[in-house]
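The values are calculated or read from the model by the stated rules, or taken from the named source; none is laboratory data. In this text the structure is predicted, and so the values were computed from the model without any measurement. Ideal geometry is used to build each Cβ from the backbone, glycine not excepted, and the neighbour counts take in all protein chains shown. The accessibility values were calculated without ligands, DNA or RNA, using every heavy atom of the protein model including side chains. Shrake-Rupley method; radii C 1.70, N 1.55, O 1.52, S 1.80 Å.
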Amino acid sequence: MQEALLLFSLMFTLFIAGIPIAFALLLCSVLFLLLTGMRPLIVVPQRVMAGLDSFPLLAVPLFILMGNLMEKAGLSKRLIDLVDMLVGRVHGALGYVTVIACAMFGALTGSAPATVAAIGAIMMPAMIAQRYPASLAAGITASSGALGNIIPPSIALILYGATVNVSIPKLFVANILPGLLMALAFMLTHALLTRKLKVPKTAARVYTPQEMVLVALRAIPSLMMPVVILGGIYGGVFTPTEAAAVGVVFSLVLGVCYRQFTPSTLWQAMKSSVDTASMVGIILGVAGIFGWILASARIPMLMVTELTPLLDTQFVYLALLVLFLLLVGCVMDVAASIVILAPILVPIGIALGVDPIHLGVVFCVNLVVGFFTPPFGLNLFTTVSVSGQPYEVVVRGVLPFVITAIIVLLILAYVPDISLVLVRLMEASA
């Protein structure tokens, strides 16, 4: 346990000093090796490269590129038109359109910030023009954008599966119902807020039969994306990594057919994808040496031995896990949180009898809530940038949805059948 205390003391000291997470992990690992004399430093570049040498992890940059291409291809506008046609007559329709469009677009891209940028740029001005309070418009957009990292395909799920060696397709299946439950909970919260804040009713657009057919036809190619990707994975046609490559090609074809791509837009999509994938890649590479140190020093096994008697029931373990990850999600990137914490916390839950797939759902959904949880949720800053609203307005609007998300999270933690029922059906039909 002395080695564990030394490692975590170094890590948190560097975090508090303000060193970026990736470099803090690298420096922490180097200092630990020097102070303990555990291995020569040549192991550092070796394990960093080994941390990146993973075929499943190739899906991460490919899904990031797919999301950016889908955004540039203008698919968000087509999905919004379809949802508006379906629910536009309901009181507070623009809020429901935002939630459903974010869920659908998130299922295409798997990226929370990309979803906020694509949907929010269209829906937030429309809501404010219809006399929605600015805080409500910003809050529902920031929170609903996180659905992109819950509903598969999700980069967070890929990272979790690769980190703890759990089936990624099963994680995808397990997160379908939790994602839909979270979306329904957000819509219910929106319904209550529209009445409390007295959001005025607006006249819905009336579609002619010809327009309805046209809107539906325009949205069909976009809706085919999750069918192709998820259907191919669950049908055994291709792996999640191959599915990501198929998604990139499909996105390029749609963008060309819609005549949305220019050299400038393609360059922007590529540049944005490289920027994001590079940040994730650095964290994953450094996590390779950090994870190797954890395994070599047997730190996870020591913590399981020490903590399991204290966390004597699944109920206590899940309660503390939810609370801890909520705090972590507020201040730390999801990718970094998964690669640092999953190897430590997941074995404790498995030792207590928690299903690893159910644990993956709770773990990832918990961290994803951090996307829109103050003070440092990434979706908050994306919403500020897209809407032009002050940070405090966005935070005030998102708080009711944070409370809703925590309630859903507790339901998911203590009712595992919500996560596992589709997985069991998939296993039974295999």
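Here are the numbers:
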item: Cβ-based net charge around S135, under 15 Å, with every Lys or Arg adding one and every Asp or Glu removing one; result: +3
item: ³J(HN,Hα), Karplus 6.51/-1.76/1.60, whole Hz, each residue of region 354-370, x for Gly, Pro; result: 6, 4, x, 5, 4, 4, x, 4, 4, 4, 6, 4, 4, 5, 5, 4, x
item: Student exercise, the chain dipole from Lys, Arg, Asp, Glu Cβ charges, in Debye to nearest 20; result: 1120 debye
item: Between helix 21-36 and the chain: long-axis angle, C-alpha atoms, 0 to 90°, nearest 10; result: 10 degrees
item: Computed [θ] at 222 nm, deg cm²/dmol, the chain (DSSP H ≥ 4; -39,500 (n - 2.57); rounded to nearest 500); result: -26000 deg cm²/dmol
item: Unit charges on C-beta of K, R, D, E only; dipole of region 16-132, Debye; result: 80 debye
item: Using alpha-carbon coordinates, inclination of helix 43-52 to the longest axis of the chain, degrees; result: 30 degrees
item: Solvent-accessible area of L352 with every protein chain in place, 1.4 Å probe, in Å² to the nearest 10; result: 30 Å²
item: For region 1-132, Kirkwood radius (reciprocal of mean inverse C-alpha pair distance, Å); result: 18.6 Å
item: On Cα atoms only, tilt of 2-16 relative to the major axis of the chain in degrees; result: 40 degrees
item: Amide H contacts under 5 Å for T373, placed H, 5+ residues apart; result: none
item: For region 153-165, 3J(HN,Hα) per residue [Karplus equation, 6.51 cos²θ - 1.76 cosθ + 1.60, θ = phi - 60°, Hz, x = Gly/Pro]; result: x, 10, 5, 4, 5, 4, 5, 5, x, 5, 6, 10, 6
item: The chain: relative contact order in percent, alpha carbon pairs under 8 Å with at least 6 residues between; result: 26 percent
item: Whole-Å semi-axes of the ellipsoid equivalent to region 236-281 (Cα gyration tensor, √5λ, descending); result: 21, 19, 4
item: Farthest positive-ward along the chain dipole, Cα basis, beta-carbon charges - from A101, L41, F372; result: A101
item: Accessible heavy-atom area order of T115, T36, highest first, probe of 1.4 Å; result: T36, T115
item: Listed residues A59, I19, L177: farthest to the positive end of the dipole of the chain (Cβ charges); result: L177
item: Coarse-grained scattering of region 311-430 at q = 0.13, 0.19, 0.20 Å⁻¹, given as base-10 log I(q)/I(0) from a Debye sum over alpha-carbon atoms; result: -0.57, -1.00, -1.07
item: Phi to ³J(HN,Hα) by Karplus 6.51 cos²θ - 1.76 cosθ + 1.60 over region 60-72, Hz, x for Gly, Pro; result: 5, x, 5, 5, 4, 5, 4, x, 5, 5, 5, 5, 5
item: Cα gyration tensor shape of region 297-381, rounded if a/c is under 1.5, else prolate or oblate by comparing a/b with b/c; result: prolate
item: Accessible area of the chain belonging to carbon and sulfur atoms, whole % at 1.4 Å probe; result: 70 percent
item: Accessible-area ranking of L136, L302, L311, largest first, probe 1.4 Å; result: L302, L311, L136
item: Inverse of mean 1/r across different Cα pairs in the chain, Kirkwood, Å; result: 22.3 Å
item: Gyration tensor (alpha-carbon) shape descriptor, region 256-353, a/c threshold 1.5; result: prolate
item: Gain on full stretching of the segment that runs from T262 to L425 - 0.36 nm per residue minus C-alpha separation; result: 54.2 nm
item: Extreme residue, positive dipole direction of the chain, given options S337, P356, Y207 (C-beta unit charges); result: Y207
item: Sequence of D275, D53 from largest to smallest accessible area, 1.4 Å probe; result: D53, D275
